[in-house]
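All of the numbers you see were taken from the coordinates with simple rules; none came from a lab. If you're wondering where the values come from, they're calculated on a predicted model, not measured in any experiment. Glycine gets a Cβ as well: all are built from the backbone with ideal geometry, and neighbour counts include every protein chain shown.
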Amino acid sequence: MDRVASIIGCGTIGAGWAARLVLHGWRVQAHDASAAAEQVLQLTLAQARKAYGELHTVAPVEGELVFCTRAEDSLANAAVVIESLPENLALKQRVYQSIELGVSAETLLLSSTSGFKPSDLGAELAHPERFLVSHPFNPVYLLPLVEVVPHPRCSEATRALALSVLASADMRPLLVRTEIDGHIADRLLEAMWREALWLVHDNVATTGEIDDAIKYGFGLRMAHMGLFETYRLGGGAGGFEAFLAQFGPALQWPWSHLTDVPDLDEALVKKIVAQSDEQTGDVTHEQRMQDRDTKLVAILKAVAG
Ligand SMILES: NC(=O)c1ccc[n+]([C@@H]2O[C@H](COP(=O)([O-])OP(=O)(O)OC[C@H]3O[C@@H](n4cnc5c(N)ncnc54)[C@H](O)[C@@H]3O)[C@@H](O)[C@H]2O)c1
């Protein structure tokens, strides 16, 4: 397979994909409706290069990044197209129609969607058998996980090809066998997000206090043990059985709002934004990203192997 990828939509996620692939030797032909995206791409690539310098002892053999103002130019000779447009079903479906006109029936078509199911996204596709969701995490150039959800008509060979392409870019593909809104990781994150919104809404905690509760506590464990391995240790030598015997009944206690969702009205939005602004202080967006990358590199090194 020629290592040529087309990225359609180059915001936070598309630019992250572009940087990861270029730093793994791919030629990336990136297209975005906004001319400003070219600068986002260059900045993201520079940031990723810096992070890779800290992460790896050997400098990567870089591919090439080409910005295409016309979508059709970005599709030329592409073995893989990665759609990273805003989370809007109708927009994505409309753009797929023009993508299909510009590529062969074998070209892999991947979507970064955080929540849509491939059968919904690919409802109008002429060739859904080469369509998969490949849901990455921000920053795409550093976080290895990519959730792969094949379209129900996707062939076994295409599925294997997609997994191998993503693995070749040093990603950790997680095959999601059952289509479900939000895939796996965002289902989990939504549960925490919902409870965090309630805590702010009810004046129990500020955005900063919630972040402290995560980053100085269970967040540190989760980076290397996930949830089930963490809880197993919580059960002591008795393992999961002991854990469930002790903490299982707590699920019946009124600890949380469970599936009740707070209304994200103007007052709650203003409160969250004000608290978050205060929490961040004078630190610029660029400084935050740099700090995030430096710490992520340290965590990746710590949990390697
Ligand atoms: N932001 C995240 O943390 C995150 C994480 C994982 C997955 N995702 C998913 O990735 C996708 C992109 O999210 P994002 O956060 O990068 O969005 P974004 O808004 O940062 O970027 C979207 C880009 O698409 C461009 N665009 C809009 N319409 C276009 C068109 N018709 N043709 C070409 N370009 C067009 C915009 O100019 C913009 O640069 C979404 O499906 C989202 O659910 C986001």
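With the Cα gyration tensor of segment 124-191 in hand, convert its eigenvalues to equivalent ellipsoid semi-axes via √(5λ) and list them largest first in whole Å.
Equivalent-ellipsoid dimensions as semi-axes: 20, 16, 9 Å.
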> With labels modelled as points extended 7 Å from the Cα through the Cβ direction, what inter-label distance (nm, one decimal) is found for VAL303 paired with ALA267?
Replying inline: 3.8
>> If you fit an axis through the alpha-carbon atoms of helix 266-280 and take the longest principal axis of the Cα set of the chain, what angle between them do you get, 0 to 90°, nearest 10?
In response: 90
>> Give me the net charge for the shell around ARG3: Cβ to Cβ below 13 angstrom, other residues only, Lys and Arg +1, Asp and Glu -1.
In response: -1
> What's the FRET efficiency of ASP170 with GLU106 using the Cβ-Cβ distance as r and R₀ = 25 Å, to the nearest 0.05?
Replying inline: 0.55
> Distance from the Cα centre of segment 187-234 to that of segment 38-98, in angstrom?
Replying inline: 32
>> Can you compute the modelled spin-label distance between PHE228 and GLU64, with each label point 7 Å from Cα toward Cβ, in nm?
In response: 4.6
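Given a cut-off of 24 Å, name the pairs among LYS92/LYS117; LYS92/LYS215; LYS50/LYS295 whose C-alpha atoms lie farther apart than that in the structure shown.
LYS92/LYS215, as the Cα separations exceed 24 Å there.
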>> Taking 8 Å as the Cα distance limit and 6 or more residues as the minimum spacing, I'd like the relative contact order of the chain as a percentage.
In response: 14
> Does segment 1-62 classify as rounded, prolate or oblate by the C-alpha gyration tensor (a ≥ b ≥ c root eigenvalues; a/c under 1.5 gives rounded; else a/b over b/c gives prolate, otherwise oblate)?
Replying inline: oblate
> Amide H neighbours of GLY25 under 5 Å, counting only residues 5+ apart in sequence or on other chains, H built in-plane at 1.01 Å?
Replying inline: GLY63
> Which residue, ALA237, ALA157, ALA223, tops the fluctuation ranking in a GNM of the chain built on C-alpha contacts under 10 Å?
Replying inline: ALA237
>> Contact order normalised by length for segment 185-303, with contacts defined as Cα pairs under 8 Å and 6 or more residues apart; what percent is it?
In response: 33
> Which loop GluC sites (Glu not before Pro) in segment 115-177, with loop taken from DSSP, have no more than 16 other Cβ atoms within 10 angstrom of their Cβ?
Replying inline: GLU124
> Does anyone have the angle between helix 12-22 and the longest principal axis of the chain? Alpha-carbon axes, 0 to 90°, nearest 10?
Replying inline: 60
>> Within segment 206-238, list the residues whose amide N lies under 17 Å from a label point set 7 Å along Cα→Cβ of SER276.
In response: 206-215
> Near VAL273, within a Cβ-to-Cβ distance under 14 Å, what is the net charge of the other residues, with Lys and Arg +1 and Asp and Glu -1?
Replying inline: -2
>> Test of understanding: extend the Cα→C-beta vector of GLU87 to 7 Å, then name every residue of segment 8-47 with backbone N under 14 Å from that spot.
In response: 12-13
>> I'd like the GluC sites (Glu not before Pro) in segment 171-210 restricted to DSSP loop residues with at most 16 other Cβ atoms within 10 Å, sorted by number.
In response: GLU179
>> Using Cβ counts within 10 Å as a stand-in for footprinting exposure, how do LYS271, LYS295, LYS117 rank, fewest first?
In response: LYS295, LYS271, LYS117
>> Below 8 Å, C-alpha to C-alpha, sequence gap of six or more: please give me the relative contact order for segment 4-175 in percent.
In response: 22
